[in-house]
Each structure stands twice: as structure tokens, then as C-alpha cells.
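See structure below.
The values are calculated or read from the model by the stated rules, or taken from the named source; none is laboratory data. Everything quoted here is computed from the prediction, not taken from an experiment. Cβ atoms come from the backbone with ideal geometry, glycine included; neighbour counts cover every protein chain shown. Side chains are part of the model used for accessible areas, which takes the heavy atoms of the whole protein and leaves out ligands, DNA and RNA. Shrake-Rupley method; radii C 1.70, N 1.55, O 1.52, S 1.80 Å.
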Amino acid sequence: MNRTAGAVPNPVRLDDTDRLILRELMADARIPNNVLASKAGIAPSTCLGRVRALKDAGVIRGFHASVDLEALGLLVYALISIRVNPQARNKMLAIAQRLKSLPNVQSVFLLAGDQDFLVHVACGTPTELRDFIAVHLASDPAIANTQTNLVFDHLTPGE
């Protein structure tokens, strides 16, 4: 979910077939069109047209590879809650962009509530995680405090 402030929800009307196509593509973006069409109960040419229409309407924003971070040597995952200093609140979007560009950052969420951001990071070692926090977060005058939670496992629907 990539929403920006003031964004209007997509006005595209989806029927049950569109929703089924989207569910199948979310589970496996590499599914062959003929298999997808069969699962949706429509002709392959119709399926291709529907997928193209969903892309053109912005409902499908792209197709992505799901990478095994452990295969890259990134074995330590953390969710870091961040509270911004009151005097930096007018720079929230700039702070979010900076956080997003940091090495090891997988996702940045802008929050309502006690914390302002939730940052998902993946590091090779606990020392690398500690250094990430010290260098990129604790030294930033815009950041009032952080709270780090280690992730032991990440379960996603369909697994």
C-alpha cells in the first residue's frame, strides 16, 4: 500500500473476476496468462485485456521479485519505531524520503499515534543493526527517540 497525503482512492470499479485476477497475480506475478485465464474462467485474450486495463488504470502498479534476504546475507530484521522532534514535524515527508533512502531499509511507514514512523530494516549482524541506528537515527537531530524490535519471523498470507 503506497498512499500519499491527499491521495484520492482509485475510482476503478472492480468485479469478482478482476479481484480474482488480482489475488492470483499477488500470489504469483509470473503466472502464465493461459493459467490465469483458466482460473478466472475467461478466455486468454479477455484475461490479457483485463490485466492490461488494470495496469492502465493504476490498480496494478508493477510486478516485483520477492528476494530471500537471507540469501543476501541479511539475517537480522528489525522494526524501528521513530518519534520525530516537535520542531521537525513540518519536515515529515522529507524525513520519510531520507529514511527510505538509507542502506538496509526495506520499508518506511508514516504513522498516526504515539510514533511517527515504523522502519523495517534488514542487516547482516546485530552489530550492523546497532551501527545503523547509531549512525543514521540516533545522530539525527530531527529524531527524538527510537524503539527497536527484533523480528524473529515474518509470516505472510499464502505461505
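Heavy-atom surface analysis with a 1.4 Å probe gives the range 94-159 a carbon and sulfur content of 57 percent of its accessible area.
Find the accessible area per residue for the range 44-127; the probe is 1.4 Å, ligands and nucleic acids are left out, and the unit is Å².
On the way: 5100 Å² over 84 residues.
Roughly 61 Å² per residue, with all protein chains present.
Of the whole protein surface, ILE82 contributes about 0 Å² of accessible area at a 1.4 Å probe radius. Among SER38, SER101, SER81, which one moves the most in a GNM of the chain with springs linking Cα atoms closer than 10 Å? Of SER38, SER101, SER81, the Gaussian network model singles out SER38 as fluctuating most.
Considering only ALA57, ALA43, ALA112, and ranking their Cα positions along the charge dipole of the range 1-144 that arises from unit charges at the beta-carbon of Lys, Arg, Asp and Glu, the one farthest toward the positive end is ALA57.
Note down the relative contact order for the range 52-142 as a percent, whole number, built from C-alpha pairs under 8 angstrom at least six residues apart.
Result for the range 52-142 is 32 percent.
If you sort ASP114, ASP28 by accessible surface, 1.4 Å probe, largest first, the order is ASP114, ASP28. Ordered by solvent-accessible area of protein heavy atoms (1.4 Å probe), largest first, the residues LEU69, LEU99 come out as LEU69, LEU99. Note on ARG89: accessible area approximately 100 square angstrom, rounded to 10, probe 1.4 Å, nucleic acids and ligands left out. Note: relative contact order over the chain, using C-alpha pairs below 8 Å and six or more positions apart, is 22 percent. Surface listing: HIS120, HIS64 arranged by accessible area from highest to lowest gives HIS64, HIS120, probe 1.4 Å. Remark: the chain carries a charge dipole of roughly 620 debye about the Cα centre, counting +1 on each Lys and Arg Cβ and -1 on each Asp and Glu Cβ.
At 222 nm, what value in deg cm²/dmol follows for the chain if DSSP H runs of at least 4 each add -39500 (n - 2.57) and the sum is divided by all its residues, to the nearest 500? Intermediate values should be presented prior to the final figure.
Values: 5 runs with 50 residues, N = 159.
The helix-only estimate for the chain comes to -9000 deg cm²/dmol at 222 nm.
Listed by chain and number, the aspartates and glutamates whose alpha-carbon sits under 17 Å from that of LYS91, ignoring those within fewer than 8 places in the same chain, are ASP116, ASP140. Simple rule: put +1 on each Lys or Arg Cβ and -1 on each Asp or Glu Cβ in the chain, find the dipole, and look at VAL151, SER101, TYR77; the Cα lying farthest toward the positive end is SER101.
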